[in-house]
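Enquirer: My questions all concern the structure below.
The values are calculated or read from the model by the stated rules, or taken from the named source; none is laboratory data. Source: prediction; values computed, not measured. Ideal geometry is used to build each Cβ from the backbone, glycine not excepted, and the neighbour counts take in all protein chains shown. Keep in mind that these areas ignore ligands, DNA and RNA; they rest on the heavy atoms of the full protein, side chains included. Shrake-Rupley method; radii C 1.70, N 1.55, O 1.52, S 1.80 Å.
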Amino acid sequence: MSFVFTPPPAVSVPVVGTAERFPVRRIYCVGRNYEEHAKEMGFTGREPPFFFLKPADAIVAVDAGTTGTIPYPSLTKNLHHEIELVVAIGTGGKNIAAADATKHIYGYAVGLDMTRRDLQGEMKKAGRPWCIGKGFDHSAPIGPITRAAQAGDVNNAELYVQVGGKDRQRSNVSKLIWNIAETIEHLSAAWELQPGDLIYTGTPEGVAAVVSGDTMVGGVAGLETLTIRVA
Ligand code: MN
């Protein structure tokens with residue numbers, strides 16, 4: 001097969017303990033999936049989960065023990081960090097029951113759902129899509145994927161992000177409104193999941209701005225730390 005121009009390189013994420021990489025197909029994200037974050041955004045209560053996507057090439061994959069870099073994005077004056085547990089799908093499926101969801105998971109990673117909060121807010125107010133606030137270039141930093149068998153008890157793992165060495169967000173995956181298995185059940189009812197799909201499962205309270213020169217260190221207990229600097 002030949003192409004009219006060179007196809008873009010495959011997007012991929014390192015995997016702990018192997019030189020083989022995880023190829024990325026899609027990035028699904030869950031909105032308002034921690035109660036205290038829903039409240040800080042002006043909402044309350046358990047609503048059905050909702051989803052948005054980022055383009056796969058928004059991934060900025062950072063190797064273990066290294067510091068990645070993202071540019072400060074255009075058009076915004078309010079770039080927010082959202083620390084999230086990321087689920088990597090290894091086996092596809094549709095209408096996956098929560099009880100079967102674990103079988104579809106390849107592994108887990110630490111991710112940041114970077115958000116142009118001012119632009120997202122304008123779009124929300126106008127009832128328009130969030131793409132410009134959420135799906136911009138370099139908006140999905142991610143650390144190495146740890147395979148599920150080695151990841152420990154991610155459903156009860158502490159997660160945090162620090163900026164300049166100080167806590168910004170610190171919570172626990174157990175506080176998810178829709179846990180990992182329930183999220184997969186809902187998501188796979190709307191889209192057929194495929195190997196290579198990533199799910200950013202939502203962020204706890206404490207979202208706030210970063211500026212050029214800031215370094216974010218994000219972690220989920222049992223997974224590789226993600227360190228990334230805003231250029
Ligand atoms: Mn998010």
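Enquirer: Check the straight Cα-Cα distances from K77 and name the aspartates and glutamates below 18 Å, setting aside those fewer than 8 residues away within the same chain.
Expert: D113, D118, E122, D137, D214
Enquirer: Roughly how much of R46 is accessible, in Å² to the nearest 10, using a 1.4 Å probe?
Expert: Roll a 1.4 Å probe over it and R46 shows about 140 Å².
Enquirer: Another question, if that's okay. Fully extended, how many nm does the chain gain between F5 and E158 (0.36 nm per residue separation, minus their Cα-Cα distance)? Kindly include the intermediate steps, with their values, before the conclusion.
Expert: Numbers: separation 153, 0.36 × 153 = 55.08 nm, distance 4.51 nm.
Extending this stretch completely gives an extra 50.6 nm.
Enquirer: How high is the relative contact order of the chain, given as a whole-number percent (alpha carbon pairs under 8 Å, six or more residues apart)? Don't skip to the answer; put the middle values down first.
Expert: Values: 585 pairs, mean separation 72.5, N = 231.
It rounds to 31 percent for the chain.
Enquirer: Take the chain, mark every one of the GluC sites (Glu not before Pro) that falls in a DSSP loop and has at most 13 other Cβ within 10 Å, then report the longest stretch left between them, sites excluded. Numbers along the way, then the final one.
Expert: Working: sites that count: E20, E192.
By the stated rule (loop sites, at most 13 other Cβ atoms within 10 Å), 21-191.
Enquirer: For the pair A64 and E122, how long in nm is the line joining their label points, each one 7 Å along Cα→Cβ?
Expert: Using points 7 Å along Cα→Cβ, the separation is 4.2 nm.
Enquirer: Hey, another quick one. Which far-off residues, 5 or more places away or on another chain, put their amide H under 5 Å from the one on R168, with H placed in the peptide plane?
Expert: V161, Q162, V163
Enquirer: Just to check I understand the Karplus step: with θ = phi - 60° and J = 6.51 cos²θ - 1.76 cosθ + 1.60, what whole-Hz values come out for region 103-118, glycine and proline as x?
Expert: 4, 8, 8, 7, x, 9, 8, 8, x, 10, 8, 6, 9, 7, 4, 5
Enquirer: May I pose another question? What is the chain by shape, rounded, prolate or oblate, if you read a ≥ b ≥ c off the alpha carbon gyration tensor as root eigenvalues and call it rounded for a/c under 1.5, prolate for a/b larger than b/c, and oblate otherwise?
Expert: Values: a/c = 1.19, a/b = 1.08, b/c = 1.11.
Rounded shape, in that the Cα axes give a/c under 1.5.
Enquirer: Where in region 49-90 does the amide nitrogen come within less than 13 Å of the point 7 Å from the Cα of D137, taken along Cα to Cβ?
Expert: 57-59, 70-75
Enquirer: How big is the gap, in Å, between the Cα center of region 26-46 and the Cα center of region 156-186?
Expert: Each part reduced to its Cα centre gives a spacing of 11 Å.
Enquirer: I've got another one for you. How many nm is it between the label spots at N78 and T215, if each spot is 7 Å from the Cα in line with the beta carbon?
Expert: 2.9 nm
Enquirer: Turning to a different aspect of this structure: Once every DSSP H run of n ≥ 4 in the chain is given -39500 (n - 2.57) and the sum is divided by its residues, what mean residue ellipticity at 222 nm do you get, rounded to the nearest 500 deg cm²/dmol? Walk me through the numbers before you get to the answer.
Expert: Working: 4 runs with 31 residues, N = 231.
Helices in the chain give a 222 nm mean residue ellipticity of -3500 deg cm²/dmol.
Enquirer: Also, I was wondering about something else. Report, to the nearest whole %, how much of the accessible area of region 11-107 belongs to carbon and sulfur atoms, 1.4 Å probe, protein only. Could you put the intermediate results ahead of the total?
Expert: Values: 2340 of 4550 Å².
Its accessible area is 51 percent carbon and sulfur atoms.
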